[in-house]
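Asker: Got a structure for you, written out below as structure tokens; questions coming shortly.
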Amino acid sequence: MSDLHFLVEDPRPELTDNHLWNALLPSIFLSGFPTRRAYDIACALWTARDLGTMIKRTHQATTLEPLIKPIGCWDSEEQFREIKSACLKPYWKEIKYLLDKLP
């Protein structure tokens, strides 16, 4: 896994929430999660980001939101919800913890 350093770098640095992803992705491996679990979480989040997922902050919560084509690669919010349910939901407890700790 040592050659997977790209997982801690934002694949979409042109997006306005780049600073949040640059904090989030490395924090996965510093969080104390078991190594394999951290790797799986990083892969899921990195892929979601690469497809055009933004971190949105409100006074109530920090969430993940899709950028629909042509800006992002998501066809629709429904597609994002389906992929989120299949790929991120198994790690949601850890992802919420990481999002809540963002500066």
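The values are calculated or read from the model by the stated rules, or taken from the named source; none is laboratory data. Computed from a predicted structure; not experimentally measured. Neighbour counts are summed over all protein chains in view; Cβ atoms, including those assigned to glycine, are modelled from backbone coordinates with ideal geometry. Side chains are part of the model used for accessible areas, which takes the heavy atoms of the whole protein and leaves out ligands, DNA and RNA. Shrake-Rupley method; radii C 1.70, N 1.55, O 1.52, S 1.80 Å.
Asker: Among 88, 15, 45, determine the one that fluctuates most according to a GNM of the chain built with springs between C-alpha atoms less than 10 Å apart.
Answerer: Largest GNM mean-square fluctuation: 15.
Asker: Still on this model: Let me spell out the model: positive unit charges on the Cβ of Lys and Arg, negative unit charges on the Cβ of Asp and Glu, origin at the Cα centre of the chain. What dipole size does that give, in debye rounded to 20?
Answerer: 380 debye
Asker: Could you give the accessible area per residue of the chain, probe 1.4 Å, as a whole number in Å²? Don't skip to the end; give the middle numbers.
Answerer: Details: 6200 Å² over 103 residues.
With the other protein chains kept in place, the chain gives 60 Å² per residue.
Asker: Also, quick follow-up: Over all distinct Cα pairs, what is the inverse of the mean 1/r for the chain, reported as the Kirkwood hydrodynamic radius in Å?
Answerer: After inverting the mean inverse Cα-Cα distance, the result is 13.8 Å.
Asker: Loop-only chymotrypsin sites (Phe, Trp or Tyr not before Pro) in segment 1-47, please: DSSP not H, G, I, E or B, and at most 13 other Cβ atoms within 10 Å.
Answerer: Hits after loop and neighbour filter: nothing returned.
Asker: Here is a follow-up. Within the chain, what whole-number % of the accessible surface is contributed by carbon and sulfur, with the 1.4 Å probe and all protein chains included in the calculation?
Answerer: 56 percent
Asker: What number, in percent, do you get for the relative contact order of segment 1-96 if the mean sequence gap of Cα pairs under 8 Å and at least 6 apart is divided by its residue count? Don't skip to the answer; put the middle values down first.
Answerer: Values: 87 pairs, mean separation 19.6, N = 96.
Reported as a whole number, the value is 20 percent.
Asker: Using modelled backbone amide H atoms (1.01 Å from N, in-plane), which distant-in-sequence or interchain residues come within less than 5 Å of residue 10's amide H?
Answerer: none
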